[in-house]
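Each remark here refers to the structure printed beneath this line.
Derivation of every value follows stated rules applied to the coordinates shown; laboratory data play no part. Remember, it's a predicted structure, so these values are computed and weren't measured experimentally. Counting neighbours? That spans all protein chains shown, and the Cβs are built from the backbone with ideal geometry, glycine included.
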Amino acid sequence: MVQQYNSNDLTAFVNDNVPKLVPDQRHAYETIVDSVNNNMGRLFFLDAPGGTGKTFLANLILAKIRQSGKIAIAVAW
């Protein structure tokens, strides 16, 4: 099954939500997106207490990567 994403929806989601990131989230977001955009091949692990925005951040990162036409999946451990 191939999932297709609407690039306009992804762009709107990213543009609406990046400004909502707190400084630690923004740092993680920029670090991870930069790594993907520059093909650095890194592995990242997001760890924080419940209710601190991990899912929000992960969804935003996935949207940003998918917006550029790349494949992005989330894996829970």
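Brief remarks on what is shown
- Computed extension gain for Asp9 through Lys54, at 0.36 nm per residue and net of the alpha carbon distance, reaches 14.1 nm.
- Taken one residue at a time, the phi angles of region 3-9 give Karplus couplings (6.51, -1.76, 1.60, θ = phi - 60°) of 8, 10, 10, 7, 5, 5, 5 Hz. Gly and Pro are set to x.
- Our coupling estimate for region 51-67, obtained by passing each phi through the Karplus curve with A = 6.51, B = -1.76, C = 1.60 and θ = phi - 60°, is x, 9, x, 5, 5, 4, 5, 4, 5, 5, 4, 4, 4, 5, 5, 5, 4 Hz, Gly and Pro reported as x.
- The protection proxy used here, the mean number of other Cβ atoms lying within 10 Å of each residue, ranks peptides 58-70, 11-23 as follows, highest first: 58-70, 11-23.
- Within region 31-58: backbone nitrogen closer than 18 Å to the Lys20 label point (7 Å, Cα to C-beta): 50-58
- Coordinate range of the alpha-carbon atoms in the chain per principal axis, descending: 33, 27, 25 Å.
- Estimated vicinal HN-Hα couplings, Hz - region 41-49 in sequence order (Karplus 6.51, -1.76, 1.60; Gly, Pro = x): x, 9, 10, 10, 10, 8, 9, 6, x
- Ellipticity estimate at 222 nm from DSSP helix runs (n ≥ 4, -39,500 (n - 2.57)) divided over the chain, nearest 500: -16500 deg cm²/dmol
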